[in-house]
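Structure first, then comments.
The values are calculated or read from the model by the stated rules, or taken from the named source; none is laboratory data. What you are looking at is a predicted structure, and each value in this text was computed from that prediction instead of being measured. Cβ sites come from the backbone with ideal geometry, for glycine too, and all protein chains shown count toward neighbours.
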Amino acid sequence: MIDKSHVLLSVFQVKELEATLRNIGIHTCLKYKPDVYSYMGIYRNNSCHIPPSLYTSDYNVVTGASQIRKSASWDHEGSSDEEELED
């Protein structure tokens, strides 16, 4: 059995990882993909149309602020393409 706590991404994990990467000088667009997606072969353009990443993070070099958004999910009816995460 796969321990989900190690392969799925929580909002807390994404925010913590994003802050660490930004603090060491990484300012490119980041996408967060849980390990379980790789184990199951879920990549871009997959036959089930599952988004390959759960979260996206953009960094504004002018303001020094990041914006983390939850990517569109195939299991949320009526959801928008991206949803901004709240603290």
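For the reader, a short list of remarks on this structure follows.
- Among all residues of the range 74-86, there is none that is touching a strand residue (DSSP E or B) at 6+ places or on another chain (Cβ under 8 Å), modelled with pLDDT of 65 or more and exposed (fewer than 13 other Cβ atoms within 10 Å of the Cβ).
- When the range 7-33 is filtered for residues that are at pLDDT 85 or above, assigned to a helix (DSSP H, G or I) and surrounded by 10 or more Cβ atoms within 10 Å (Cβ to Cβ), the ones remaining, listed by number, are Gln13, Val14, Lys15, Glu16, Leu17, Glu18, Ala19, Thr20, Leu21, Arg22.
- Filtered residues of the range 44-60 (kept if surrounded by fewer than 13 Cβ atoms within 10 Å (Cβ to Cβ) and at pLDDT 90 or above): Asn60
- Failed criterion for Val36 (all others in (1) assigned to a loop (DSSP other than H, G, I, E, B); (2) touching a residue at least 24 places away in the same chain (Cβ under 8 Å); (3) among the aliphatic types (A, V, I, L, M) hold): (1)
- Positions within the range 34-43 being surrounded by fewer than 10 Cβ atoms within 10 Å (Cβ to Cβ) and of a type in the set (Phe, Trp, Tyr), in sequence order: none
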